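Some notes on the structure that comes next.
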Ligand code: TRP
């Protein structure tokens, strides 16, 4: 069977290092593994509008930010189709048919949507479009017959729903038109949900605790220096705690043994460094300096590539246009199969027309 990746992001802001460790880094590895027949990465503007319908300018401006972030981390338009969700109308059409297969009660149980509703507090009630976005996400995945969906764990409920829809669809309409996708979660615990620089559970723009992929080296240094560590670790000699210590969480997510050889040769690996910190005698300043060096070595090439593409914006839009064309081509094909299975392909159904002509004909 064909191996196909579909994943994406809402264009509501620049991407931060939480996105990087949670999914972007993995996507680039998957892209370069050569194991996949087709890769689609979607800028989910229509989904972004479900809770930003009153701020289209925000979505519009962030499409290019996300596209630049994609290209700068190393997504290669020769291997990956980057496309814009709203420019693939087949997605909307498929969503409408899926709505029949999902109950309101089922949608109300979605834990990710529940959390978002609590945080978002829509005045005047929940927009229906927002409430239904998990259905539209199932369409995003299945229109491309994706087999693999690399995402963060907050997307698990969407994948569960997608699989339910696929099973129901294939059961009701027969055949095996739709493909059940597999979720691919980050493999490292620290990457599952990278906390903000203040140690709070989630990195979020409104909390001002994000490190962005597009931050300069200077901004990065400032943010690392202000990071939350262990409030009880006052003197260098004091024993330090690793639990909830953001600097060490980030090191868990980013550092490799080779970084010690390069930036902190006193230790062979992170375990040795942690042991010293817990024992006492290792200062936060040294840890932060090391973390800065590690992060900066990862982000330097990303910044350079971003700069390259920033000077070529019309070309970036051309990449999106081509990616969208390729996405539509595949989408139209699946939608035709879906409509045939649902028996709503009237104009293409020669047998139907012939049979009815016969039935109604007077002789
Ligand atoms: N919900 C995802 C997010 O918030 C974006 C998204 C939309 C997506 N459709 C998708 C992710 C399909 C994976 C597959 O970032």
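Filtering 223, 200, 218 for residues that are surrounded by 13 or more Cβ atoms within 10 Å (Cβ to Cβ), outside any loop (DSSP other than H, G, I, E, B) and more than 18 Å from the chain's Cα centre (by Cα) leaves a single hit, 223. Among the residues of region 26-34, some residue qualifies, meaning at least one is under 24 Å from residue 133 (Cβ atoms) and out of contact with any helix residue (DSSP H, G or I) (no Cβ under 6 Å at 6 or more places or on another chain). The set of residues in region 242-272 that are part of a loop (DSSP other than H, G, I, E, B), touching a helix residue (DSSP H, G or I) at 6+ places or on another chain (Cβ under 9 Å) and farther than 11 Å from residue 284 by Cα comprises 242, 255, 256, 264, 266, 267, 268, 269. Taking residues in region 128-152 that are in contact (Cβ under 8 Å) with a residue 24 or more places away in the chain and more than 19 Å from residue 178 (Cα to Cα), and partners anywhere that are in a strand (DSSP E or B) and near the ligand (Cβ under 9 Å from one of its atoms), the pairs with Cβ atoms closer than 6 Å and at least 6 places apart or on different chains are 151/7. How about region 119-133: which of its residues are more than 11 Å from the ligand (Cβ to nearest atom), surrounded by 15 or more Cβ atoms within 10 Å (Cβ to Cβ) and closer than 20 Å to residue 202 by Cβ? Within region 119-133, 130 is the sole residue that qualifies. Only a single item in (1) under 30 Å from residue 164 (Cβ atoms); (2) in a helix (DSSP H, G or I); (3) touching a residue at least 24 places away in the same chain (Cβ under 8 Å); (4) within 15 Å of the ligand (Cβ to nearest atom) is not met by residue 62, and it is number (1).
So that you can scan it fast, the table gives a plain yes or no per residue for (1) away from the ligand (no atom under 13 Å from the Cβ); (2) crowded, with 17+ Cβ neighbours inside 10 Å; (3) over 20 Å from residue 338 (Cα atoms):
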residue	(1), (2), (3)
41	no, yes, yes
52	no, yes, yes
85	no, yes, no
94	no, yes, no
111	yes, no, yes
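The set of residues in region 5-26 being assigned to a helix (DSSP H, G or I), more than 10 Å from the ligand (Cβ to nearest atom) and within 20 Å of residue 119 (Cα to Cα) consists of 18 alone.
Selection of first residues in region 6-24 that are touching a residue at least 60 places away in the same chain (Cβ under 8 Å) and over 14 Å from residue 298 (Cβ atoms) and of second residues that are part of a helix (DSSP H, G or I) and near the ligand (Cβ under 8 Å from one of its atoms), restricted to Cβ pairs under 7 Å at least 6 apart or on distinct chains, gives the following pairs, ordered by first then second residue: 6/140; 6/141; 8/140. Per the listing 78, 57, 29, 2, the residue uniquely assigned to a loop (DSSP other than H, G, I, E, B), more than 15 Å from the ligand (Cβ to nearest atom), closer than 29 Å to residue 312 by Cα and modelled with pLDDT of 95 or more is 78. Is there a residue in region 326-334 that is in contact with a strand residue (DSSP E or B) (Cβ under 7 Å, 6 or more places away or on another chain) and farther than 25 Å from residue 169 by Cβ? No, region 326-334 contains no residue that is in contact with a strand residue (DSSP E or B) (Cβ under 7 Å, 6 or more places away or on another chain) and farther than 25 Å from residue 169 by Cβ. Of all the residues in region 134-179, those that are more than 10 Å from the ligand (Cβ to nearest atom) and either under 21 Å from residue 105 (Cβ atoms) or surrounded by fewer than 24 Cβ atoms within 10 Å (Cβ to Cβ) (or both) number 25.
The values are calculated or read from the model by the stated rules, or taken from the named source; none is laboratory data. Since the model is a prediction, treat every value here as computed from it, not as a measurement. All Cβ positions, glycine included, derive from the backbone under ideal geometry; neighbour counts span all protein chains shown.
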